[in-house]
């Protein structure tokens, strides 16, 4: 009866199943499989004098795990997206300077160094020390002055920027990752850190006959990720590195003191404008730490991102707001007054398709610009940074050029970012269009930038070959 109710399809299906079973049985596959399984089993050998325990000891419910950093375990740092740490550590094909062997950044040495020990040029650096101390004595005068911004814009003419041949210098031998102007109105001095652990200083106003005003030091053994110059004491310069060190270059004491040491790489360094006694830095996988100089220890530590934090910036008008960018593809705005250390929650999150290399507030604090490897620059503005605009820009730098990071100029109207055609792209935030600054004297690709805090129209462009090009208005 049951067979009569089956359809033609079901009858053919049952016939196929029966035929397959007969075929498998004829091959004796099940018998062969059981024989192989039994032959691979080895009898348990009990040593003489030992007895089998009738009961197995219960496993520990909470095994003890000893945390070790990637460096301690011999594992290279993460390179989750293009332009990651792996490229930062690859030797550049650029021709480097001939340095004494004792200054080669191959050995990670802790402890303090004297400036003379770290000095690479060979001769005495006393003249540089005297210049920095003299600048530091006048630092409070300029730091107390605050440039007044009318609305969002100031009277700066973009067409007046020019590059003179005397404003080009090679400061460091390797690819530059960080560049800063000294916040001084007396002299124009540029500081730059490269991938080999060098920190170079260029006294642009130097009129020396036998020198070019460049002073080179090697306080680190890995890429220099951040340079922080104390605004009220220019003789104190903090530097961070992938070697896990934060050093304080105290020119008055002629030393590079060890401030902080870690087994993990330090990727960025910043300071809150109204708190010069605290240093904010990013360590390992998305960890943000705060070093309290008064207590001499870490005061706060929290995981803000899933991967490394590439930049840390503070709002100049509301210093409680902090912006971070990360390799995890996001940029976040945080309120330091309400941030939960264990479960941090951002006020605003900007998502990109690839790594975000920078997130910087504008001079007025009303806008935020993010730069990502997904070839986008995003602008946030309006109430609670709710308005968002996207500007397409080629951010593919390749292996030998540091990732592009768009910075603000001296108002909220322009952004400066690198151009792979050996030019500087100036992006109008109003028209959202780019104009290229070109010069026959710029023979390398500019990748990292710094604007002078007291001289409008003075822009430093750093390259992968250790050169710095300084554009000025006169």
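Suppose we filter 255, 206, 262 for residues that are in contact with a helix residue (DSSP H, G or I) (Cβ under 8 Å, 6 or more places away or on another chain) and surrounded by fewer than 23 Cβ atoms within 10 Å (Cβ to Cβ); which single one remains?
On the way: 206 fails: in contact with a helix residue (DSSP H, G or I) (Cβ under 8 Å, 6 or more places away or on another chain); 262 fails: in contact with a helix residue (DSSP H, G or I) (Cβ under 8 Å, 6 or more places away or on another chain).
On inspection, the qualifying residue turns out to be 255.
Among the residues of the range 265-285, what is the count of those that are under 13 Å from the mean Cα position of the chain (by Cα) and either surrounded by fewer than 17 Cβ atoms within 10 Å (Cβ to Cβ) or part of a loop (DSSP other than H, G, I, E, B) (or both)?
The number of residues fulfilling the criteria is 3.
Residues being over 18 Å from the mean Cα position of the chain (by Cα) and either over 19 Å from residue 431 (Cβ atoms) or surrounded by 21 or more Cβ atoms within 10 Å (Cβ to Cβ) (or both): count how many of those fall in the range 364-377.
Residues in the range 364-377 being over 18 Å from the mean Cα position of the chain (by Cα) and either over 19 Å from residue 431 (Cβ atoms) or surrounded by 21 or more Cβ atoms within 10 Å (Cβ to Cβ) (or both): 2 in total.
From (1) touching a residue at least 24 places away in the same chain (Cβ under 8 Å); (2) outside any loop (DSSP other than H, G, I, E, B); (3) over 15 Å from the mean Cα position of the chain (by Cα), pick out the condition that doesn't hold for residue 299.
Going through (1) touching a residue at least 24 places away in the same chain (Cβ under 8 Å); (2) outside any loop (DSSP other than H, G, I, E, B); (3) over 15 Å from the mean Cα position of the chain (by Cα) one by one, residue 299 breaks only (1).
Test each condition in (1) in a loop (DSSP other than H, G, I, E, B); (2) within 23 Å of residue 404 (Cβ to Cβ); (3) free of Cβ contacts under 8 Å to residues at least 24 places away in the same chain for residue 328 and report the one that comes out false.
That leaves (3) as the condition not met.
In the range 415-439, which residues are crowded, with 20+ Cβ neighbours inside 10 Å and either touching a helix residue (DSSP H, G or I) at 6+ places or on another chain (Cβ under 9 Å) or closer than 12 Å to residue 371 by Cβ (or both)?
415, 416, 417, 418, 425, 426, 427, 437
Would you list the strands (runs of 3 or more DSSP E) that sit entirely within the range 382-474 and hold 1 or more residues that are over 20 Å from the mean Cα position of the chain (by Cα) and free of Cβ contacts under 8 Å to residues at least 12 places away in the same chain? Working first, answer last.
Working: elements: 387-392, 414-419, 423-428, 434-437, 446-451, 459-463, 467-472.
Filter on the range 382-474 gives 387-392.
Every number here is computed from the coordinates shown, using simple stated rules; none is lab data. Note that the structure is a prediction, hence the values are computed from the model and not measured. When we count neighbours, we look across all protein chains shown, and the Cβ atoms used for this are built from the backbone with ideal geometry, even at glycine.
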